[in-house]
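Below: one structure, written as structure tokens.
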Amino acid sequence: MKIQLPRDVQHIIGVIEDAGYEAYAVGGCVRDALLNRTAADWDITTSAEPMEIKRLFHRTIDVGLKHGTVTVLLGKRSYEVTTYRIDGDYEDARHPKNVHFTRDIGEDLKRRDFTINAMAYNERTGLLDLFSGREDLKNGIVRAVGDPMERFSEDALRILRAFRFAAKLGFSVEESTAKYAGQMALNLKKISAERIREELTKIVSSEHPEVLRELYRQGISRIILPEFDRCMETEQRNPHHCLNVGEHTIEAMRQLPSAEPFIILRLTMLFHDMGKPECHTRDEKGIDHFHGHAKISAQIAERVLMRLKSDRRTMELVKILVTNHDRKPALTKKGVRRLMSELKEAFPLLFPVWRADMLAQSEYKREEKLSYIAEVERLYREIEEAKDPVSISDLKINGRDLMHELKIEPGPDMGSILNRLLDAVLSEPELNNRDSLLALAREWK
Ligand code: CTP
């Protein structure tokens, strides 16, 4: 088994070995190398203690020193070199509260979370795989190292990490690992909102967002996102749907790409129907309705994203998109310009949202729905190409012109005139020239 270690990593391992100690690349980088994926960073584990590492390298940083980690700087890159350790309880994903060093790498590997993350490699020894991690990688399995209950009680975040790796790699979580993850899910209450958000976002924006279904089945979403459980338990008996709200949500997420810039869209789909359980009514014919659900869903999105301490921009964009995911502008340029003006930068994001939502529905009226979206998009492109005005800053006059030409003082009156002018040009973009706008403003003054 040969892994091509980056030159820096070979160098670091070589220097440590020349000083009479052991050193290996370890964890995520070995996993990723075996999967032919690019590793995010290369971590090194060693029998040498931090002070010895500091002596061996010129440029080092001490931030992780109390956890046994020395950051070694080579050129512009940095590498974490950590002494073999027997961990105490974790206080965050990577740093246990108290650690004891050991000279035995086996002791270090056996306290790591999953078999696929517990392999080490150097050129002298080759692959050190004490827990059949390679076999699990080959079979697509996330399995706790040793006793899952012990691994999860050391760090409850590992409960979500298990499913995050499954979602990222398209793996399944091994049965007893999944079972204990579920049994210990209540411990997630002790984990900070930021760390939960980070894992949940990674799952939602992964190649396999359907892993959410596993979180539901194992009773894990019940602890971190009970709103989703209600979706899984809400039927949709109407011609537009063939899935319950939760399954529709998963399918809608799957309809969107998974990479970084699409996180907002995936989150939008996660929340877009969360208000449905609250709005559910069934008519005398047995048909389900969810009147007003978009607004309630947006309120839930805001509440959940606040709870998860999400950033403001994400929260605002998701809220706008969820609120408007059901909006259907009239198929006229005027109708489309109005919605563009209202939603601003969020507007074009509605197209993928509409499509994902629709493709996760039943086939009922699909052609009609698709051509409606295509038509709105066509009108939008024409408006963009023509550079039609859709905001006050696009108007050919501004507040200063109103002040100089018409002696209108800055304040609410000026604001309302500018808004009326915008309204006029949304209907008739030809009016967007200095003379016409000043003439209109003069009438309204
Ligand atoms: N680790 C662990 N338990 C945790 C966190 C980390 O045992 N709660 C160990 C695992 O061996 C893991 C390594 O520390 O591989 C590095 O952790 P981290 O950088 O968080 O994850 P990676 O496995 O590198 O994966 P990724 O970078 O894709 O998140």
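GNM on the chain, alpha-carbon springs under 10 angstrom: the most fluctuating residue among L215, L65, L160 is L65. 3J(HN,Hα) along region 375-382, derived from phi through the Karplus expression 6.51 cos²θ - 1.76 cosθ + 1.60 where θ = phi - 60°, amounts to 5, 4, 5, 4, 4, 4, 4, 4 Hz, with x in place of Gly and Pro. The spacing between region 416-445 and region 125-202, judged by their C-alpha centroids, is 61 Å. Amide H contacts under 5 Å for V142: S172, V173, E174, restricted to partners 5 or more places along the chain or on a different chain, H placed in the peptide plane at 1.01 Å from N. On a 0 to 90° scale, report how tilted helix 412-427 is relative to the longest principal axis of the chain, with both axes built from alpha carbons and the result rounded to the nearest 10. For 412-427 against the chain, the angle is about 90 degrees. Dividing the radius of gyration of the alpha carbons in region 392-444 by their Kirkwood radius gives 0.91 for Rg/Rh. Other residues with beta-carbon under 15 Å from the beta-carbon of C279 carry, at +1 per Lys or Arg and -1 per Asp or Glu, a net charge of -3. Adding -39500 (n - 2.57) for every DSSP H run of four residues or longer, then dividing by how many residues the chain holds, sets the calculated 222 nm ellipticity at -14500 deg cm²/dmol.
The mean accessible area for residues of the chain, using a 1.4 Å probe and ignoring ligands and nucleic acids, is 48 Å² per residue.
Dipole size of the chain about its Cα centre, with +1 on Lys/Arg Cβ and -1 on Asp/Glu Cβ: approximately 380 debye, rounded to the nearest 20. Rounded to whole numbers, the Karplus 3J(HN,Hα) couplings from phi for region 16-25 are 5, 5, 4, 7, x, 10, 9, 7, 9, 6 Hz, using 6.51 cos²θ - 1.76 cosθ + 1.60 with θ = phi - 60°, and x at Gly and Pro. One way to sum up the overall shape of region 1-112 is the equivalent ellipsoid from its Cα gyration tensor, whose semi-axes run 20, 18, 14 Å, largest first. Take 385-391, 11-17 and order them by the average number of nearby Cβ atoms within 10 Å per residue, most first; the result is 11-17, 385-391.
Report the percentage of all Cα-Cα pairs in the chain whose separation exceeds 27 Å, rounded to a whole percent. Here the tail beyond 27 Å accounts for 64 percent of pairs. For the chain, modelled as a Gaussian network with Cα springs under 10 Å, which listed residue fluctuates most, R303, R400, R254? Its mean-square fluctuation being the largest, the pick is R400. By the rule of a C-alpha distance below 17 Å, with chain neighbours fewer than 8 residues away ignored, the aspartates and glutamates paired with K190 are D89, E91, D92, E150, E154, D155, E198, E199.
When the pairs K295/K333; K138/K168; K66/K309; K334/K387; K276/K319 are compared against a 20 Å limit on Cα-Cα distance, K295/K333; K66/K309 fall above it. Compute the long axis of helix 245-254 from its Cα atoms, compare it with the longest principal axis of the Cα atoms of the chain, and write down the angle in degrees, 0 to 90, nearest 10. That works out to roughly 80 degrees. Element breakdown for the chain at a 1.4 angstrom probe: carbon and sulfur atoms account for 48% of the accessible area.
The values are calculated or read from the model by the stated rules, or taken from the named source; none is laboratory data. All values derive from a computational prediction rather than experimental measurement. Please note: Cβ atoms are built from the backbone with ideal geometry, for glycine as well, and neighbour counts cover all protein chains shown. Remember, those area values only see protein heavy atoms, side chains included, never the ligands or the DNA or RNA. Shrake-Rupley method; radii C 1.70, N 1.55, O 1.52, S 1.80 Å.
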